[in-house]
Amino acid sequence: MSRSLFEKVWDAHVVESLPGENALVFVDRVVAHEITTPQGALEIERRYEDELFDPARIVAINDHVSPAKDTETAIQAKVLRDWAKRHGIVLYDIGQNGICHVVAPERGYVEPGMTLACGDSHTCTLGAFGAFALGVGSTTQGGAMLAGCMVLQRPKVMRVTLEGRLQGGATAKDLALHVVATLGFKGGTGYVLEYAGEAVATLSMDERMTLCNMAIEAGATTGMIGPDETTYSYLRGRENQPSGEAFEGKVAWWRSLAADADAVYDREVRIDVSALRPMVSWGTNPGEAVSVDGVVPADANEASLRYMDLEPGRVLRSLALDQAFIGSCTNSRISDLRAAADVLRGRTVTIPTIITPGSQAVKRAAEREGLHDVFQDAGALWTHSSCGPCLGMSMGVLAPGARCISSSNRNFPGRMGAGGRVHLASPAVVAASAVLGRIGSPDELEAVLPAAVPA
């Protein structure tokens, strides 16, 4: 019987079929962080004698507010820290930490064919490796830590074929925004999005993670990309992956995970992206996005217009900005920082600009290349790694009415601060806009303000 990538991974992990399209599914890896893990950990300690199914299958990361900003976040970090030490769980703490969806793959904890759970909606990022990676609630994550399994309803599968190659300055972030805008903010609800096509095949692993990261923004259960040589090259030599024949033996099995040519999907969508332009969101969900040189649509949602203080027909490039942010689990890897540095080199930002690497390992890599000097010479703030600015927890909370252009993944009302207005874009577009002080793109920037030529 022909099967999709998702079906092959799902079928390999079903422990028991249950009524109502449900199943008891084995979990290979749990990624734990300080915001959603303490609740389950404390409940297991209280009710189940502090027993875990297999601590070796868990990796813990102090992530969202690190270092802690107040007593509450300090307690959350301490609970995770003490719990990890008590059980011998690998912990990436202050100094070695970062955003969980950046740390887990860079340290080799994610691989094709794996099931993975984390108490964070953007766990779908890790589906880029051909894993079934699921964002879950604290209770479900606690169950996975306690019993090694989760009860899940089998999702449907949507094949999203992206035809053509990205060009004209379009990036994986623009691709992700375009997919969400095409499917609709909730158009993927109940589905796993299985991405395929020439545009996907030519993406790097960093870019694939950006694309899968925003599957949840279309309402999807998760996103997945079939593993290939790009995947294997990324994982080869990573810590927590074997070397030599042991690794190549894994690769031999990973090759079998490719979707069968005649696999049947619940829904199929084809999108030609060869003419895609850099994009920017205008509204209050990621599906409300158009080309950066576009206008607010005539049929724009009234509630979104009110919150964003916009009107139909407004030219996006006319919007003045109060802040710029480059970071988040969507766009904070070394390739994202290089793209921003290419725009900022020899220029100066005109609005407060915060640049946050996705992990301390990314931070050190960027500094070895001198990217931190490029950012700071441009007048941007170069920070330690954290999720904080993306969700308005720390390091860049917006004032009511302030307008920010961000490389993150969500622009819901209040996302970066009560009353704050967020426009989503790629790191390059954010960097160009930071220099212009309004929404703009790198090609426009080059025309009106060429970079200084190094002496």
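The values are calculated or read from the model by the stated rules, or taken from the named source; none is laboratory data. These figures come from a predicted structure and were not determined experimentally. Quick reminder, even Gly has a Cβ in these numbers, built from the backbone with ideal geometry, and neighbours come from all protein chains shown.
Before moving on, here are some points about what is shown:
- Unique residue being among the hydrophobic types (A, V, I, L, M, F, W, C) and in contact with a Gly (Cβ under 7 Å, 6 or more places away or on another chain) when the list is Val136, Val110, Val160: Val136
- Within region 203-226, residues that are touching a residue at least 40 places away in the same chain (Cβ under 8 Å) and more than 18 Å from Val273 (Cα to Cα) have Cβ atoms under 6 Å from residues that are charged (D, E, K, R) and part of a strand (DSSP E or B) in these pairs: Met224/Glu194, counting only partners at least 6 apart in sequence or on another chain.
- Any hit, region 39-58, residues being under 22 Å from Met393 (Cα atoms), crowded, with 16+ Cβ neighbours inside 10 Å, in the same structural domain as Tyr109 (by TED's automatic domain parsing) and without any contact (Cβ under 8 Å) to a residue 60 or more places away in the chain: no
- Scanning region 162-194 for residues that are part of a helix (DSSP H, G or I), under 22 Å from Asp266 (Cβ atoms) and of a type in the set (A, V, I, L, M) yields Ala176, Val179, Val180, Ala181, Leu183.
- Unique residue being under 18 Å from the mean Cα position of the chain (by Cα) and at pLDDT 95 or above when the list is Met150, Met209: Met209
- For region 12-54, a tally of residues being closer than 29 Å to Cys329 by Cα and among the charged types (D, E, K, R) returns 5.
- Flag if His101 is at pLDDT below 95, closer than 26 Å to Arg410 by Cα and in contact with a Leu (Cβ under 9 Å, 6 or more places away or on another chain): no
- Qualifying positions in region 201-231 - over 20 Å from Thr115 (Cα atoms), of a type in the set (A, V, I, L, M, F, W, C) and buried (at least 24 other Cβ atoms within 10 Å of the Cβ): Ala218
- Taking region 23-111 as the region of interest, the strands (runs of 3 or more DSSP E) fully inside it that hold 1 or more residues being of a type in the set (Gly, Ala, Ser) are 29-33, 58-61.
- Lone unmet requirement of (1) in contact (Cβ under 8 Å) with a residue 60 or more places away in the chain; (2) in contact with a His (Cβ under 6 Å, 6 or more places away or on another chain); (3) within 19 Å of Glu239 (Cα to Cα); (4) not small (Gly, Ala, Ser) for Arg107: (2)
- Only listed residue being assigned by TED's automatic domain parsing to the domain that holds Gly226, touching a strand residue (DSSP E or B) at 6+ places or on another chain (Cβ under 9 Å) and either among the hydroxyl-bearing types (Ser, Thr, Tyr) or surrounded by fewer than 17 Cβ atoms within 10 Å (Cβ to Cβ) (or both), chosen from Val31, Val15, Val27, Val9: Val15
- Enumeration of residues in region 168-190 that are at pLDDT 95 or above and either of a type in the set (D, E, K, R) or assigned by TED's automatic domain parsing to the domain that holds Gly287 (or both): Lys173, Asp174
- Residues located in region 112-130, provided they are assigned to a helix (DSSP H, G or I) and buried (at least 24 other Cβ atoms within 10 Å of the Cβ): His122, Thr123, Cys124, Thr125, Leu126, Gly127, Ala128, Phe129
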